[in-house]
1. Stretched out fully, how many nm does the piece from S212 to E440 gain, at 0.36 nm a residue minus the Cα gap?
2. Can you compute the FRET efficiency between L483 and Q425 using 1/(1 + (r/R0)^6), with r the Cβ-Cβ distance and R0 = 22 Å? Round to the nearest 0.05.
3. At 1.4 Å probe size, with no ligands or nucleic acids counted, give the accessible surface of F181 in Å², nearest ten.
4. How many percent of all Cα-Cα pairs in the stretch 409-458 sit more than 15 Å apart?
5. Going through the stretch 399-458, which GluC sites (Glu not before Pro) have at most 15 other Cβ atoms within 10 Å and a DSSP loop state?
6. If you average 1/r across every pair of different Cα atoms in the stretch 87-130 and take the reciprocal, what Kirkwood value do you get, in Å?
7. Distance check, please: which entries in K391/K475; K232/K441; K58/K291; K197/K294; K197/K391 exceed 31 angstrom between their Cα atoms?
8. So if I take the centroid of the Cα atoms in the stretch 500-552 and the same for the stretch 358-372, what is the distance between those two points in Å?
Amino acid sequence: MTFALYSLQVAPLVVFRQDRNSSFLSSNSDSNQKSKMHVSMTMQTDGASTNIHTSHNKIPHVLTVAGSDSGSGAGIQADLKACAARRVYCSTVITAVTAQNTVGVQGVNIMPEDFVAEQLRSVLSDMHVDVVKTGMLPSLNILKVLCQNLREFPVKALVVDPVMVSTSGDVLAGPSVLAGFREELLPMADIVTPNIKEASALLNNVPLKSVSDMRDAAKLIHELGPRNVLVKGGDLPDSLDSIDVFFDGEEFYELCSLRVNTRNTHGTGCTLASSIAAELAKGSSMLSAVKVAKRYVETALNYSKDLLIGNGAQGPFDHFLALKNITQNSCRQDRFNPNDLLLYAVTDSSMNRKWGHSIAEAVRAAVEGGATIVQLREKDAETRDFVDAAKVCLEICHSFRVPLLINDRIDVALACNADGVHVGQSDMPTHLARSLLGPEKIIGVSCKTPEQAEQAWIDGADYIGCGGVYPTNTKANNRTIGLDGLREVCQASKLPVVAIGGIGLSNAGAVMESVPNLKGVAVVSALFDRECVLSETRNLHAVIREAALSRK
Ligand SMILES: Nc1ncnc2c1ncn2[C@@H]1O[C@H](COP(=O)(O)OP(=O)(O)OP(=O)(O)O)[C@@H](O)[C@H]1O
Ligand SMILES: Cc1ncc(CO)c(N)n1
Ligand SMILES: [Mg+2]
């Protein structure tokens, strides 16, 4: 028997047998073909004929048979979220309703087995289910009802998460269910995913203390009949890594990920099993389904490591990987406040080089001096350096509650989760930038004419940068529109306008005063082609503020 370290070694080809009548695993091409098939047939029902049309837009479908968690971290709720996040349809058969939170399980109400049977029949007799995933099976009779339905309605794969004890230590399935797992359900399973405690319980309480113990356990559990075993090491004490052992009956794989330092691990097991089911439903092979699912759990934990829900020891995490954005942006009240355009600082790498400033130093000085929004315009930076610098600048800006935009580079903005982008007329079209960045991010567009301003508004921009107002060295071959051109655009624009081009300490006040609805001025050289960015910004900020106030 070989032992493969998955992170170092190329996985051998996994061949799934088709020798059992209960369930899959069929090949990818088979399942894809099925999903592409367009069926239109006529069925006789009591003498009446009904047309049944099956659309070829079939979505992979997982049925979860599990308990409800009122705190929504684990159980049915985790399964629904995981499947939605992995873009798979999820139907639900509820076996128990738990009163549960981040402290523990306060109560369990087991569904009558007849009603579990009714739910199973409702779903399986009507819908095309690809994969069944089981979670909390609180009684032997419920387990038996499930097995009977699986025999009656065979599916492509069965994923069994042998839920027995919650991480808080509360019992979710008793000893009689353990026998049911061993004798009836596991022999039907394509994969079983016990955690350390559950693996130990399945094996008459043998102690599991190391990865080597987990490997032995995986082998012994495999002998109970499941085609594949994943012993999860989330609860393995004293481990820097989060290691799961996968055994397919022939090879062992050690699936390694960095242990995320967080209290928010409630529901990782349910999520992992549902995600495996989701990948199998899409047609993935078992090993690749497990790898993808594990990577997904790790990413979700990482994204929500600082999330605070509930007062207990183990919190839920965010399946949609969105909370990081929300917490990072939460320092700003609004998504975009047009008043932020007042003193708009645009960086320039050659000027920073000339004065020996790093981009982060320049940005810090600008926001300390009163810049109200910052745009990174790094035309000649390597992508890698740009992303790294942008991440640092984002932290600096956010600590001052100042939004940070990226010039032109949507990819960089996405990679560092900047507040938005600024695009020119020949950069990424605004409507595409919007669809790539989503509804929340700020998008600014350079415009010289009322027509361009109108188009920017139609395409979903948030503000326009209008200029060059005066001639400037920072942009070659740039047509100057003058104060009159600026006024014309400002009057016509439905979006807030910031003026750019040749503006500095000497003329900023006049520009602000003479163009009534101008929101602010954008400057490059006036701040960054200077030795002391901080004092230049302070001075300019004072002038602009005074001009804006005197206008009111
Ligand atoms: N802190 C962590 N960092 C990274 N991965 C983790 C962490 N905790 C758990 N995991 C991973 O999450 C998956 C679920 O494992 P775990 O042992 O937590 O299951 P479980 O005890 O059944 O979870 P639960 O009962 O809370 O739903 C495994 O792939 C495990 O390696
Ligand atoms: C309902 C339910 N299912 C599974 C688990 C295991 O995490 C839990 N805590 N609650
Ligand atoms: Mg579990």
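1. Values: separation 228, 0.36 × 228 = 82.08 nm, distance 4.76 nm.
Roughly 77.3 nm would be gained on extension.
2. Working: r = 21 Å, r/R0 = 0.95.
After rounding, the FRET efficiency stands at 0.55.
3. Surface open to solvent at F181 totals about 0 Å².
4. On the way: 484 of 1225 pairs.
Here the tail beyond 15 Å accounts for 40 percent of pairs.
5. Values: sites: E440, E451, E454; in loops: E440.
The qualifying sites are E440.
6. Details: mean 1/r = 0.0814 Å⁻¹.
Hydrodynamic radius (Kirkwood, Cα pairs) of the stretch 87-130 is 12.3 Å.
7. Beyond 31 Å between Cα atoms: K232/K441; K197/K391.
8. 15
The values are calculated or read from the model by the stated rules, or taken from the named source; none is laboratory data. Remember, predicted model here, so these are calculated numbers, not experimental data. With ideal geometry, Cβ positions are generated from the backbone for all residues, glycine too; neighbour counts draw on all protein chains shown. Side chains are part of the model used for accessible areas, which takes the heavy atoms of the whole protein and leaves out ligands, DNA and RNA. Shrake-Rupley method; radii C 1.70, N 1.55, O 1.52, S 1.80 Å.
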